[in-house]
């Protein structure tokens with residue numbers, strides 16, 4: 001791949017007729033060192049304005065006391081917000097819930113799809129019908145999913161209620177039960193993402209040469225040995241990717257069903273860190289608290305990112 | 001690969017159960033949406049008198065028409081804007097060498113790792129200061145820079161045969177002309193894949209519109225559904241009609257471009 005350097009551009013320019021460029025570019029001279037910056041400018045300005053600068057601003061806001069009212073002065077309070085948020089029962093509950101959300105997600109959303117994906121892969125093209133169905137929940141917004149399940153789980157007329165009644169079982173109002181509500185949210189987010197993760201595994205499996213399997217089979221290896229000795233090791237990079245992306249998904253996207261179905265309740269039993277930050281910032285308008293919570297979440301995400309890099313490093317080590 | 005007989009039976013059984021649990025809620029939603037109010041609470045999936053009244057009710061009862069216009073309009077602007085800015089930035093990274101190029105590229109790609117939560121407070125305050133609160137501006141402009149688009153388009157441009165570009169420049173075409181006349185027309189597959197991703201992502205977005213929309217001026221379908229849910233808890237027929245209406249565009253795109261949509265999502269790792 002050759003890059004067109006400014007110097008070769010200049011040689012071309014000497015023999016070529018006048019370039020039909022935009023007026024700005026032609027005024028600056030087509031080979032000015034400024035040209036690439038003109039192409040980049042819109043993107044860089046937007047990223048600076050809406051991503052990087054706000055990140056710094058969040059760090060600043062975490063040190064002040066402010067209620068988002070422009071006429072109200074901001075007061076510098078140092079690290080007070082961190083201590084206040086960290087010591088609050090809301091934070092402790094939200095942290096614990098985040099751990100539950102992630103802990104439950106790994107067997108349900110990360111591990112369960114593996115054997116199913118392997119089976120689907122063994123079907124070859126005959127599995128196409130399954131794949132299309134498995135993909136459907138990815139297309140539908142989480143709002144739609146939340147509203148649909150609110151209706152199905154309606155405590156009086158919902159299908160779940162009536163269905164269980166037919167079987168002679170009285171289904172309690174799951175969303176009003178502090179012990180059960182979080183599992184409803186976990187179940188719904190699993191419904192949303194299970195098929196998609198399966199398709200990612202399928203993409204990972206597609207790179208495995210089927211001849212290896214035939215060879216192992218010839219040597220008398222059973223299904224289990226093939227899975228353990230060949231498929232599992234080759235699937236590990238995909239597994240890592242699915243794991244990390246699912247953890248991030250679980251921390252962020254679950255916001256929507258929490259907001260629609262429980263608003264963090266009953267008694268904060270479904271609040272996660274993300275929803276806690278939202279509550280601090282936009283329900284109680286405690287900007288300092290919200291920003292301090294945001295920075296703590298940022299730290300947690302950074303740890304996850306480092307962990308991911310380390311895990312990948314170790315894998316690279318195995319390969320040598 | 002040939003699995004043993006009992007494993008095959010178990011496999012099909014598990015897959016069928018998973019597929020049924022995916023389809024059952026959808027079936028219930030569709031069934032409720034075509035029921036008259038007196039049948040909504042009945043268990044049977046096929047109503048005695050199927051009706052489209054719920055859809056009409058939805059548009060009479062709420063400003064759903066207006067929400068649809070807001071969603072479609074801002075989504076169209078975002079698709080066009082994100083692709084255009086992505087093409088420009090990708091061209092700079094793919095065809096020029098300049099100082100700090102790799103550092104800048106790392107910074108652009110790094111923005112992918114920064115979730116919206118981390119920047120929402122200052123951005124929300126900024127929208128208020130700019131007077132963009134509850135306008136299309138707030139929905140469109142902060143979302144226009146798309147690292148994933150820049151990354152994918154740059155890769156495609158770098159594998160573009162440089163002979164074609166050199167030939168174009170011999171004929172006197174400048175960078176601008178080369179980009180739009182020679183490179184972009186050949187980026188069809190990459191651009192259509194990105195269009196699908198950005199379209200679905202923008203159509204289904206929830207968190208940011210929840211913060212910056214307040215009235216019919218800019219409220220999108222997803223936020224309209226939330227409002228409807230909170231105002232008319234009992235009108236389940238119309239609510240189900242609403243979520244079907246909200247899902248139709250993405251599902252239609254999927255039905256038309258099945259393979260491409262699936263491949264695009266899987267290879268980008270974006271979870272809807």
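The values are calculated or read from the model by the stated rules, or taken from the named source; none is laboratory data. Since this is a predicted model, take the numbers as computed values, not measurements. Reconstructed Cβ throughout: ideal geometry from the backbone, glycine too, with neighbour counts over all protein chains shown.
Can you find even one residue in segment B:167-179 that is over 30 Å from residue A:280 (Cβ atoms) and more than 10 Å from chain A (Cβ to nearest Cβ)?
Restricting attention to segment B:167-179, the residues satisfying the condition of being over 30 Å from residue A:280 (Cβ atoms) are B:167-179.
If we keep only those that are more than 10 Å from chain A (Cβ to nearest Cβ) too, we end up with B:167-168.
There is at least one residue in segment B:167-179 that is over 30 Å from residue A:280 (Cβ atoms) and more than 10 Å from chain A (Cβ to nearest Cβ).
Considering segment B:31-44, the residues that are assigned to a loop (DSSP other than H, G, I, E, B) and exposed (fewer than 14 other Cβ atoms within 10 Å of the Cβ) include one that is farthest from the other protein chains (Cβ to nearest Cβ), namely B:44. Every condition in (1) surrounded by fewer than 20 Cβ atoms within 10 Å (Cβ to Cβ); (2) farther than 21 Å from residue B:242 by Cα holds for residue A:118 except the one numbered (1). Say we look at segment B:117-142 and pick out the residues that are in contact with a helix residue (DSSP H, G or I) (Cβ under 6 Å, 6 or more places away or on another chain) and within 20 Å of residue B:194 (Cα to Cα); which of these is surrounded by the most Cβ atoms within 10 Å (Cβ to Cβ)? Taking the candidates together, the pick is B:139.
Looking at A:174, A:202, just one residue is surrounded by 21 or more Cβ atoms within 10 Å (Cβ to Cβ) and either assigned by TED's automatic domain parsing to the domain that holds residue A:260 or in contact with a helix residue (DSSP H, G or I) (Cβ under 8 Å, 6 or more places away or on another chain) (or both), and that residue is A:202.
Put simply, of B:154, B:219 the only residue that is farther than 21 Å from residue B:83 by Cβ, more than 10 Å from chain A (Cβ to nearest Cβ) and buried (at least 18 other Cβ atoms within 10 Å of the Cβ) is B:219. Is there a residue being free of Cβ contacts under 8 Å to residues at least 24 places away in the same chain, more than 30 Å from residue A:54 (Cβ to Cβ) and buried (at least 18 other Cβ atoms within 10 Å of the Cβ) anywhere in segment B:178-186? Scanning segment B:178-186 turns up at least one residue that is free of Cβ contacts under 8 Å to residues at least 24 places away in the same chain, more than 30 Å from residue A:54 (Cβ to Cβ) and buried (at least 18 other Cβ atoms within 10 Å of the Cβ).
Table: residues versus (1) over 22 Å from residue B:19 (Cα atoms); (2) modelled with pLDDT under 90; (3) in contact with a strand residue (DSSP E or B) (Cβ under 9 Å, 6 or more places away or on another chain).
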| position | (1), (2), (3) |
| --- | --- |
| A:145 | no, no, no |
| A:149 | no, no, no |
| A:154 | yes, yes, no |
| A:157 | yes, yes, no |
| A:169 | yes, yes, no |
| A:175 | yes, yes, no |
| A:181 | yes, no, no |
| A:188 | no, no, no |
| A:196 | no, yes, no |
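Here the helices (runs of 4 or more DSSP H) wholly within segment B:204-272 that include at least 1 residues being at pLDDT below 85 are B:221-231, B:236-256, B:258-268. None of B:84, B:138 is part of a helix (DSSP H, G or I), facing chain A (nearest Cβ under 9 Å) and within 19 Å of the chain's Cα centre (by Cα) except B:84.
Among the conditions (1) under 21 Å from residue A:149 (Cα atoms); (2) within 13 Å of chain A (Cβ to nearest Cβ); (3) touching a residue at least 24 places away in the same chain (Cβ under 8 Å), residue B:24 misses just one, which is (3).
Yes/no per residue for (1) touching a residue at least 24 places away in the same chain (Cβ under 8 Å); (2) surrounded by fewer than 19 Cβ atoms within 10 Å (Cβ to Cβ); (3) more than 10 Å from every other protein chain (Cβ to nearest Cβ):
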| position | (1), (2), (3) |
| --- | --- |
| A:215 | no, yes, yes |
| A:218 | no, yes, yes |
| A:221 | no, yes, yes |
| A:228 | no, yes, yes |
| A:234 | yes, yes, yes |
| A:242 | yes, no, no |
| A:258 | yes, no, yes |
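Residue A:214 meets the conditions (1) modelled with pLDDT under 85; (2) under 18 Å from residue A:128 (Cα atoms) in every case but one. The failed one is (2). If the condition is being closer than 17 Å to residue B:138 by Cβ and surrounded by fewer than 19 Cβ atoms within 10 Å (Cβ to Cβ), then segment B:73-107 contributes B:73, B:76, B:77.
So, restricting to helices (runs of 4 or more DSSP H) that lie completely within segment A:1-101, which ones have at least 1 residues that are modelled with pLDDT of 90 or more? Please lay out each step first, then the result.
Working: elements: A:6-15, A:23-28, A:35-47, A:53-61, A:80-87.
It comes to A:35-47, A:53-61, A:80-87.
For segment B:8-30, state whether one or more residues are surrounded by fewer than 20 Cβ atoms within 10 Å (Cβ to Cβ) and more than 30 Å from residue A:115 (Cβ to Cβ). Yes, the conditions are met somewhere in segment B:8-30. Taken together, the residues in segment A:111-150 that are in a helix (DSSP H, G or I) and more than 24 Å from residue B:252 (Cα to Cα) amount to 14. Checked against (1) modelled with pLDDT under 85; (2) surrounded by 14 or more Cβ atoms within 10 Å (Cβ to Cβ); (3) assigned to a helix (DSSP H, G or I), residue A:309 passes all but a single condition, namely (2).
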